[in-house]
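Asker: Take this structure first; my questions come after.
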Amino acid sequence: MNFKNGYIFTESFQFVPGGFSVVDGKFCDVLIEKEDAIDLYGAYVIPGLIDVHNHGNSNADFSDGCYEGDVKMARYLASVGVTSFAPATMTLPYDVIAKALAAGLQLKKNPVEGCARLLGVQMEGPFFSEKKKGAQNGEYLRLPDYDAFRKLYDDSEGLISIVDLAPELDGAAEFVAQAKQLCTVSIAHTDSDYEHAKAAIDAGVTHLTHLYNAMPPIHHRKPGVIGAASENEAVSAELICDGIHVHPSSVRMAFKLFGADRMVLISDALRCCGMPDGEYELGGQQVFLAENVARLADGTIAGSATNLFDCMRNAVRFGISREDAIRAATWTPARQIRALDQVGSIANGKLADFVICDAALNRKAVYLGGEQI
C-alpha cells in the first residue's frame, strides 16, 4: 500500500512533504512518493501515540487482571489514535499484580485486530511513600524488594518495562542498581529530598512518573526530586496534560525545564475514561467522576478521565509546539519503554502504526500495521 501528497512527521521531528509505503505491516520508502498511491491531499501523518501510563478506560482497569477487559481497553485506545500502550498496575498485593501481568502477557502474545499493542507494563507500586501515596492504597505499601520484583518480572516473561519507587525508602538505591538492568526505573509517589533523589538517579533512575504530582514541589532551598531529575540529562519526565492535574503554565515550565526531548505525555487514565459521570473503583477504593475530574471519597484527585490524544492536543493548546507535543506522545515514550526499534516514529522497518490528521491535529483516520481500523 502506497501513500502520497502528505506531510509526514519524520525522525527529524518535523513535518516533511512526501509519501510512504507499507509492506508486510511495516513502513518503507518513507518520504518517497509513488504514482500508484492513495492521495492524502495534504493531510498530516503522525506516528501512532504511545501511552506508557494508563490504568484503564471503558469501565475496565488493567489491575482487574482480566484479559477481556484489557482487550476492551486496547480497542478504545486504538480508536482514539493510541496504537501502543504500557498499562500501569497499582499498589496492590503481589498476587494481584501477578494476575494483571499474566492477563497483559496474554494480550501481548496474542494481539487482537483493531486493538492497540500492549508493549509493556508500568509497575506503579507498591514501593512508595505513605506521605505521597495519593490515590494508591496505603494498606499495601512495601519497601523496595528486588526479589519480589524479579519474580513478577520473570513470571511475566519480562513484561515490566518501567518500575516505580520512592527513593527515600530503605534499600532504594540498591534496588535501582539491580532493576535498571532489566527495565526503566522511575521515581514516583515520593516525599524525597534532593539528596535521596540524586542518589537514586546516580544509581540508574532514568524516568520520573507524573511530574509535579505525588512529589514535593520545587523550593529554592529544597529543590527535591524535580531539581535532581531536571539537572540530569538521562532522566525523562511524564506529564499528565488533562488540564486538571497540571496548570498550563506548569506544562510550559516542564518543557523548558526538561527540554522537549525528555518530556513524556501520559494520560494516567482510569476506568472512568470514556464513561459518564458516576462512581467507579481504583485499587480497591471508590472513585467519583464528575465533570471530567476523578476523585477519591476524601477529595484527593485520582488519575484522569482523558485519553492521550486529547492530552497531546491540550499541550498544543497550552502553548507547546505541535511538533514537541507529538514527539512527547510518540518517540520519547517508545524510548522509555525500550521499544523504539518497533514503534514511535515513521521510519523504514518500523510497524506502520499511524494517524492521519489535519493541521490542527484533528484525527481523521487511524492505521495499525498499515490497516485502517
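The values are calculated or read from the model by the stated rules, or taken from the named source; none is laboratory data. Note that this is a predicted model, so its numbers are computed, not measured. Here Cβ is always computed from backbone atoms with ideal geometry, including for glycine, and neighbour counts include all displayed protein chains.
Asker: Which residue is surrounded by the most Cβ atoms within 10 Å (Cβ to Cβ), if the candidates are limited to the stretch 137-154 and must be modelled with pLDDT of 95 or more and assigned to a loop (DSSP other than H, G, I, E, B)?
Answerer: P144
Asker: Now for a separate question. What's the total number of residues in the stretch 231-281 that are among the hydroxyl-bearing types (S, T, Y) and farther than 13 Å from G303 by Cα? Can you show your working first?
Answerer: Here is the first cut: in the stretch 231-281, the residues among the hydroxyl-bearing types (S, T, Y) are 236, 249-250, 267, 280.
Then keep just the ones that are farther than 13 Å from G303 by Cα; that gives 236, 249-250.
Final tally of qualifying residues: 3.
Asker: On the given criteria, is A214 over 25 Å from T83 (Cα atoms), buried (at least 17 other Cβ atoms within 10 Å of the Cβ) and of a type outside the set (D, E, K, R)?
Answerer: Here the answer is yes, as A214 does meet what is asked.
Asker: Mind listing whichever residues of the stretch 317-334 are of a type in the set (V, I, T) and either over 18 Å from D353 (Cα atoms) or touching a helix residue (DSSP H, G or I) at 6+ places or on another chain (Cβ under 8 Å) (or both)? Talk me through it step by step, then tell me what you get.
Answerer: Just the residues of the stretch 317-334 that are of a type in the set (V, I, T), to begin with: 320, 326, 330, 332.
Result: I320, I326, T332.
Asker: Could you tell me whether any residue of the stretch 195-204 is hydrophobic (A, V, I, L, M, F, W, C), in contact (Cβ under 8 Å) with a residue 12 or more places away in the chain, in a loop (DSSP other than H, G, I, E, B) and within 28 Å of S63 (Cβ to Cβ)? Outline the logic, then answer.
Answerer: Initially, the stretch 195-204 is screened for residues hydrophobic (A, V, I, L, M, F, W, C), giving 197, 199-201, 203.
Applying the additional criterion that residues be in contact (Cβ under 8 Å) with a residue 12 or more places away in the chain yields 197, 199-201, 203.
Now narrow it down to the ones that are in a loop (DSSP other than H, G, I, E, B): none.
No, that holds for no residue.
Asker: Shifting gears a bit: Can you tell me which residues in the stretch 10-31 are of a type in the set (A, V, I, L, M, F, W, C) and either within 13 Å of A352 (Cα to Cα) or modelled with pLDDT under 95 (or both)? Spell out how you get there, then give the answer.
Answerer: Keep residues of the stretch 10-31 that are of a type in the set (A, V, I, L, M, F, W, C), which gives 13, 15-16, 20, 22-23, 27-28, 30-31.
The answer is F20, V22, V23, F27, C28, V30.
Results for (1) over 29 Å from A234 (Cβ atoms); (2) over 20 Å from the mean Cα position of the chain (by Cα); (3) crowded, with 18+ Cβ neighbours inside 10 Å, shown as yes or no for each residue.
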{"site": "A297", "(1), (2), (3)": "yes, yes, no"}
{"site": "A305", "(1), (2), (3)": "yes, no, yes"}
{"site": "N314", "(1), (2), (3)": "no, no, yes"}
{"site": "I320", "(1), (2), (3)": "no, no, yes"}
{"site": "A325", "(1), (2), (3)": "no, no, yes"}
{"site": "A334", "(1), (2), (3)": "no, no, yes"}
{"site": "K350", "(1), (2), (3)": "no, no, yes"}
{"site": "N362", "(1), (2), (3)": "yes, yes, no"}
{"site": "Q372", "(1), (2), (3)": "yes, yes, no"}
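Asker: Going through the stretch 225-252 one residue at a time, which ones are touching a His at 6+ places or on another chain (Cβ under 7 Å), of a type in the set (V, I, T) and closer than 20 Å to K132 by Cα?
Answerer: Residue satisfying the conditions is I240 alone.
Asker: Restricting the search to the stretch 238-260, which residues are exposed (fewer than 15 other Cβ atoms within 10 Å of the Cβ) and either under 15 Å from the mean Cα position of the chain (by Cα) or of a type in the set (A, V, I, L, M, F, W, C) (or both)?
Answerer: none
Asker: Okay, next question. Condition check: more than 27 Å from S161 (Cα to Cα), in contact with a Lys or Arg (Cβ under 8 Å, 6 or more places away or on another chain) and either surrounded by fewer than 24 Cβ atoms within 10 Å (Cβ to Cβ) or acidic (D, E) (or both). Does D358 satisfy that?
Answerer: Yes.
Asker: Here's something else I'd like to know. Within the stretch 277-309, can you find the residues that are free of Cβ contacts under 8 Å to residues at least 40 places away in the same chain and out of contact with any strand residue (DSSP E or B) (no Cβ under 8 Å at 6 or more places or on another chain)? Don't jump to the end; show me each part of the working.
Answerer: Residues of the stretch 277-309 that are free of Cβ contacts under 8 Å to residues at least 40 places away in the same chain, as a first pass: 277-279, 286, 288-291, 294-295, 297-299.
Once the filter is applied, which keeps residues that are free of Cβ contacts under 8 Å to residues at least 40 places away in the same chain and out of contact with any strand residue (DSSP E or B) (no Cβ under 8 Å at 6 or more places or on another chain), the stretch 277-309 yields A290, E291, D298, G299.
Asker: Could we say that H189 is touching a residue at least 24 places away in the same chain (Cβ under 8 Å), buried (at least 20 other Cβ atoms within 10 Å of the Cβ) and not in a loop (DSSP other than H, G, I, E, B) here? Reasoning before the result, please.
Answerer: Numbers: touching a residue at least 24 places away in the same chain (Cβ under 8 Å): yes; buried (at least 20 other Cβ atoms within 10 Å of the Cβ): yes; not in a loop (DSSP other than H, G, I, E, B): no.
It is false that H189 is touching a residue at least 24 places away in the same chain (Cβ under 8 Å), buried (at least 20 other Cβ atoms within 10 Å of the Cβ) and not in a loop (DSSP other than H, G, I, E, B).
Asker: Evaluate the stretch 173-181: report whether one residue or more is of a type in the set (A, V, I, L, M) and in contact with a Leu (Cβ under 7 Å, 6 or more places away or on another chain).
Answerer: Residues of the stretch 173-181 that are of a type in the set (A, V, I, L, M), as a first pass: 173, 176-177, 179.
In the following step, the residues that additionally are in contact with a Leu (Cβ under 7 Å, 6 or more places away or on another chain) were identified as none.
No.
Asker: Would you confirm, using the coordinates I've provided, whether V45 is under 21 Å from the mean Cα position of the chain (by Cα) and closer than 30 Å to Q286 by Cα? Before the answer, list the steps.
Answerer: Working: under 21 Å from the mean Cα position of the chain (by Cα): yes; closer than 30 Å to Q286 by Cα: no.
Here the answer is no, as V45 does not meet what is asked.
Asker: Is the stretch 129-137 home to any residue that is without any contact (Cβ under 8 Å) to a residue 40 or more places away in the chain, under 20 Å from the mean Cα position of the chain (by Cα) and farther than 22 Å from Y67 by Cα?
Answerer: The first filter runs over the stretch 129-137 and keeps only residues without any contact (Cβ under 8 Å) to a residue 40 or more places away in the chain, leaving 130.
Adding the requirement that they be under 20 Å from the mean Cα position of the chain (by Cα) leaves none.
So far as the stretch 129-137 goes, no, none of its residues is without any contact (Cβ under 8 Å) to a residue 40 or more places away in the chain, under 20 Å from the mean Cα position of the chain (by Cα) and farther than 22 Å from Y67 by Cα.
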